[in-house]
Every structure is written in structure tokens, then in C-alpha cells.
């Protein structure tokens, strides 16, 4: 990942911590200070990297999720800390990209690990000692917040073919307030983001809508899952609008010839490159949004099988003082 992408990822997590939200991204580990038990840390890192199966993972040093505070960490400690962790691995350790992040008056270390060279193996610290047994190495596995030895099923999962995730490029975006009417319903905000999806191959990738999530942040105040997020295409959206006017079915019948990006009522299936719409809706009284000048939106989608995640951030600014429209600031 690029340093800017790592910083953006870390800042999103820090916002969740300070807003007392639970960090549910399984690729993220938060620590309030540099771990002092090097052997335990190496085992945790190996387990986290193995269970990620090639996805990047992020460790943030200097954030306490339990107390919902950013504690900060001495960034210079990394130079002596990570070589000690690496020495506990048999062969390769995950490749590290680290950046120093300033958050208010604190310094945080964001450690992004490339896990594409998995599986990772660590040394048994008691091997060769009296009653230490004959097991020299271990393949750890992370399950929730616990690290354990990988089972045969874990190894099969780890070494099975990976689903290669697409890339999403944001082309345009807006957040618009819609007043109440018989046609549009209650007063609400509508998010519309046009993206271009690039896929590495033709393997179908499915994003269920119930696994889509969003965070709306206004003046430092975060609203988790405020927007009901759905994914669609321009063609299907036009068909749906026409169907509503004509009183026909909102979604087309089952097709034998599939398109590159095909939304249904419950998910979107991606088989090729093309433009995709990300839409969201949030009911809100007009009086609450009148003073909003800038809105930050974070959208996360989760693949159905691998549970790999894609996320992107939007910074939307009010077009002018007389409108209730916020547009993407590139």
C-alpha cells in the first residue's frame, strides 16, 4: 500500500477509537504501547498475517480501544523493536511499511504488513530446553482476538486459491438533501458516488449489501452505519426508475447471459471492469444539516466468501451557502 493509503486507513481507525466505536476490521490490531514480549508478539503477528491470506494488515501502536483514547507511542522505538520480532520467524517475516502519524498532540506508529508471502512460521521458544518437547516451529493462526496453532483446516484454507479483489476508482460523488414529498418519502440525504471497477480476472466477486457499512463524520462527530449502502449500475438504476413509473418489476428477471457488473436485490456480482454506482440513504430532519459545511464519508464493502474488505473515503464540501448539496473534493 502507498503511505497515503496507510495513513488514511489508520486515521479512519483512530476516529472510530475516539468515537468509542468498536473496531470490527479483522485486519487491524491496536496496541497502546510497543509490546515488550517479543516472542509473543512474533506469534501474534504470524497468526494475524496467516489468517489474512495475502491481504494487508495494520497494527497501530499508540491507541487504546478499551479506554477510547489515543495514547501515542515513541516512534523511534521501532528501529530496535521490529528486528527483534523478525528474528523469531523461521525464514521470512511479513514485509513492513511504517509511517509516523501526528494525531492532535500525539504521535502514533502505523505499521502496515504485506502478508503476500504467507504462510509464516515462528520458532518454538522452548525447543531444545528441558521438557520443551521436540516441536521446533509453529504455524500460528488468528481466530478473533486469540492466537492458536493452525489446524489442518486452517492450512487448507490458507493455501487454497485466493479471490483477487478488484480496485475501485472514485470518479465523482455528491450528497444531496431531499425534502419530504409523497414521491420521495421522508426528508433524507442521498449519497451517489460513481466509481470505476477494475478486476484482475473473470472470477465472480460478490458483495452482499448486508455486509456494506458506512461512517458519516461531521465536524469530528462520527455516525456509524448512518447510510444504508447499496451498489448498482447506471443501466439498472435507469431501469428501476422507469419500472417505478410504469409499475413493473424493480429488478430484471434471471438472466442466462451475465453482464460485467450485475446488481440484484441483495448483492452485486462483479465479473469484469465497468462503472458502478455506490448509493446511500439516511433519513434526517432538514434542521440538522443546515450548518454542515464539510462531510466525510467512509464506505466499506466485504466480499461474501473470503470476507476481504475494500474501503474508500470521500471528502464532500458544500457547494454554496444556498444549497443543500455537498460535492466530492478531489
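The values are calculated or read from the model by the stated rules, or taken from the named source; none is laboratory data. Remember, predicted model here, so these are calculated numbers, not experimental data. Neighbour counts are summed over all protein chains in view; Cβ atoms, including those assigned to glycine, are modelled from backbone coordinates with ideal geometry.
Before moving on, here are some points about what is shown:
- Summed over region 16-26, residues that are in contact with a helix residue (DSSP H, G or I) (Cβ under 8 Å, 6 or more places away or on another chain) and crowded, with 20+ Cβ neighbours inside 10 Å total 0.
Conditions tested, residue by residue: (1) within 22 Å of the chain's Cα centre (by Cα); (2) free of Cβ contacts under 8 Å to residues at least 40 places away in the same chain; (3) part of a loop (DSSP other than H, G, I, E, B).
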residue	(1), (2), (3)
155	no, yes, no
168	yes, no, no
173	yes, no, no
189	no, no, no
193	yes, no, no
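- Strands (runs of 3 or more DSSP E) fully within region 274-330 that include at least 2 residues being farther than 16 Å from residue 175 by Cβ and in contact (Cβ under 8 Å) with a residue 60 or more places away in the chain: 274-283, 294-302, 309-318.
- Residue tally, condition modelled with pLDDT under 90, in contact with a helix residue (DSSP H, G or I) (Cβ under 9 Å, 6 or more places away or on another chain) and under 19 Å from residue 40 (Cα atoms), over region 110-155: 3
- The residues on offer are 119, 140, and the sole one that is over 23 Å from the mean Cα position of the chain (by Cα) and touching a residue at least 12 places away in the same chain (Cβ under 8 Å) is 140.
- Region 36-59: number of residues that are within 13 Å of residue 82 (Cα to Cα), in contact (Cβ under 8 Å) with a residue 40 or more places away in the chain and assigned to a loop (DSSP other than H, G, I, E, B): 0
- Residue, surrounded by the fewest Cβ atoms within 10 Å (Cβ to Cβ), within region 89-114, restricted to residues that are in contact (Cβ under 8 Å) with a residue 24 or more places away in the chain and closer than 14 Å to residue 48 by Cβ: 114
- Residue among 9, 81 that is assigned to a helix (DSSP H, G or I), within 14 Å of the chain's Cα centre (by Cα) and not assigned by TED's automatic domain parsing to the domain that holds residue 220: 9
- Complete set of residues in region 19-30 that are free of Cβ contacts under 8 Å to residues at least 60 places away in the same chain and under 19 Å from residue 114 (Cβ atoms): 28, 29
- With respect to (1) under 30 Å from residue 314 (Cβ atoms); (2) crowded, with 19+ Cβ neighbours inside 10 Å, the lone exception for residue 184 is condition (2).
- Matching residues in region 209-234 - criterion: being more than 21 Å from residue 317 (Cα to Cα) and surrounded by 16 or more Cβ atoms within 10 Å (Cβ to Cβ): 209, 211, 212, 213, 230, 231, 232, 233
- Restricting attention to region 302-327, the residues that are within 20 Å of the chain's Cα centre (by Cα) and closer than 16 Å to residue 216 by Cβ total 6.
- Criterion violated by residue 231 - all others in (1) farther than 30 Å from residue 306 by Cβ; (2) modelled with pLDDT of 90 or more satisfied: (1)
- Scanning region 262-273 for residues that are in a strand (DSSP E or B) and touching a helix residue (DSSP H, G or I) at 6+ places or on another chain (Cβ under 9 Å) turns up 262, 263, 267, 268.
- Boolean, residue 53 is touching a helix residue (DSSP H, G or I) at 6+ places or on another chain (Cβ under 8 Å) and farther than 26 Å from residue 158 by Cβ: no
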